[in-house]
Every structure is written in C-alpha cells, then in structure tokens.
1. Might you check whether a residue that is exposed (fewer than 14 other Cβ atoms within 10 Å of the Cβ), at pLDDT below 95 and of a type in the set (D, E, K, R) occurs anywhere in the range 234-248?
2. When both residues are 6+ apart or on different chains and their Cβ atoms are under 9 Å apart, which pairs have a first residue that lies in the range 70-87 and is closer than 13 Å to residue 106 by Cβ and in contact (Cβ under 8 Å) with a residue 24 or more places away in the chain, and a second that is in a loop (DSSP other than H, G, I, E, B) and small (Gly, Ala, Ser)?
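The values are calculated or read from the model by the stated rules, or taken from the named source; none is laboratory data. Every value quoted in this text rests on a predicted model; they were computed, and no experiment measured them. Every residue, glycine as well, gets a Cβ built from its backbone with ideal geometry; the counts of neighbours run over all protein chains shown.
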Amino acid sequence: MLSLSLSPSSFTSIFFHNKCALRENTRNLTSFRNVSSCPRIRCALDTPYGGGGGNVQQFPRISVWDPYRRLGVSPDASEEEIWGSRNFLLQQYTGHERSEESIEAAFEKLLMASFQHRKKTKINLKSRLKKKVEESPPWIKNLLNFVELPPTEVILRRLFLFAFMGGWSVMNSAETGPAFQVAISLAACIYFLNEKTKSLGRSCIIGFGALVGGWVSGSLLVPNLPSLLLRPPWTLELLTSLVVYFFLFLACTFLK
C-alpha cells in the first residue's frame with residue numbers, strides 16, 4: 001500500500017532535492033578551504049627579505065664598500081669610536097638580518113686593519129731598537145749583554161714585593177730600624193737571581209753588590225734632599241733603605 005502511494009513524480013523530486021543539497025554542501029566546503037588557505041599565502045608573501053617585520057628599518061648604507069663610510073666614522077677614528085658606532089647602528093637596525101650582517105662585516109674589517117697596524121708598528125719599533133743597539137759603541141753593547149727584559153707579570157710581582165718591604169719599613173720606622181726588612185729583601189733578590197743564573201755564587205755577588213751600591217747611593221742622595229720632602233719620623237737610615245730596595249729590585253729583575 002505504501003509503495004503504491006509513492007508515485008514516480010514524487011520519488012524523482014525527492015532524489016533531485018537531495019542531490020542539490022549534496023552539491024551545495026560540497027561547494028561550501030571547497031570555498032571554505034580556499035578562503036582558509038589564502039591568509040597563509042598572503043602572510044608568506046608579506047614577509048620582507050632579510051628578516052624582521054614589515055616595520056623594521058633597513059640600513060641605508062648596506063651596499064657601501066668602504067667600511068669607514070658604512071659605519072659613519074673617519075679613517076683616523078679610535079677603537080672606542082668604532083665600537084660606539086657599531087653598537088649604535090646594531091641597536092638602531094636590530095631585527096633586519098642583512099643590515100646587521102653588513103654592520104658586523106664592516107666592523108670586523110676595521111678591527112683587523114687596526115690589529116695589523118699595531119702589529120706592524122710593534123715590529124718597526126723592535127727593528128729600530130735593534131738597529132740603535134747595533135749602531136751603539138762597543139761598551140754599551142757589552143753592558144746590554146748583562147741586561148734582559150722579563151715579562152710584565154714578573155716585573156709587577158717583584159715590584160710589589162719590594163714596594164711592600166718599603167711600606168713595611170715606613171710603618172715600623174718609629175719602633176725599629178729597617179734591618180730585618182733589608183735582610184729579607186736581600187735574600188729574595190739572591191733567590192730570584194739564582195733562578196735565572198743557576199749559580200748561587202754569582203747570585204750572591206750580584207745581590208750584595210746591589211745592596212752596597214744602593215746603600216752608598218742612598219747615603220749620598222738623601223742628605224741632599226730638601227727638608228720639605230722629609231717627614232720628621234723618617235730617619236737617614238730609613239730613606240737609605242728605600243734606595244736599597246730599589247737597587248735590589250733592579251738587580252733581580254733586569255740583570256742576567
């Protein structure tokens with residue numbers, strides 16, 4: 001009975017309605033996919049070459065060949081000025097990759113040029129000193145054979161030691177004399193000389209020679225000093241011991 005009630009025309013209309021609804025849903029899904037993919041394509045195209053957002057400034061001198069002009073400094077600029085210009089430009093154009101690379105490349109070129117200039121100047125200074133020594137009289141050459149220039153660290157350590165002995169002598173000048181501090185300084189001088197010469201006898205001779213030379217020089221120099229430079233607690237013995245410390249420092253540091 002039910003099947004007879006469904007006529008062919010009504011069945012055809014129901015099938016046609018369902019097919020149209022399926023096509024409409026398919027069309028809506030396709031348009032949704034196209035719309036959702038468009039923002040991603042547009043964002044990729046909007047990204048500027050070189051990194052950063054759209055509002056990042058680009059370094060205007062990015063293609064300038066001269067590193068001085070690129071950083072905006074003069075050819076006789078100091079290293080502090082070059083560092084300051086580099087930091088300022090990096091802070092101003094941060095976020096733009098090509099600009100940062102251009103600034104860093106110019107900065108590295110200037111640093112390398114400065115290093116090579118210092119190295120060349122140092123070599124020229126050594127060659128000039130060597131030439132001066134070769135042109136000096138024979139007695140100066142013989143005298144320079146007994147002198148050496150140790151590393152700066154060694155000079156500072158020994159200078160600190162004998163300066164400490166001098167300060168200790170000044171602090172105890174009102175109680176005792178500087179005999180104990182002078183003895184310690186002489187022993188230190190002989191020890192340092194023995195490390196270099198590997199000869200205890202030679203080290204003792206040089207050490208005692210520096211002690212005698214410093215004491216004689218101090219005895220002649222101190223009485224001629226103006227009285228305004230001498231404080232009342234300072235005695236002739238104390239001031240002479242300061243000269244001795246200086247001679248011992250020179251002997252154990254610069255003599256071979």
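1. Of the residues in the range 234-248, the ones exposed (fewer than 14 other Cβ atoms within 10 Å of the Cβ) are 236.
From the residues that got through so far, the ones that are at pLDDT below 95 too are 236.
From what's left, of a type in the set (D, E, K, R): none.
No, the range 234-248 contains no residue that is exposed (fewer than 14 other Cβ atoms within 10 Å of the Cβ), at pLDDT below 95 and of a type in the set (D, E, K, R).
2. Correct list of pairs: 70/63; 71/77.
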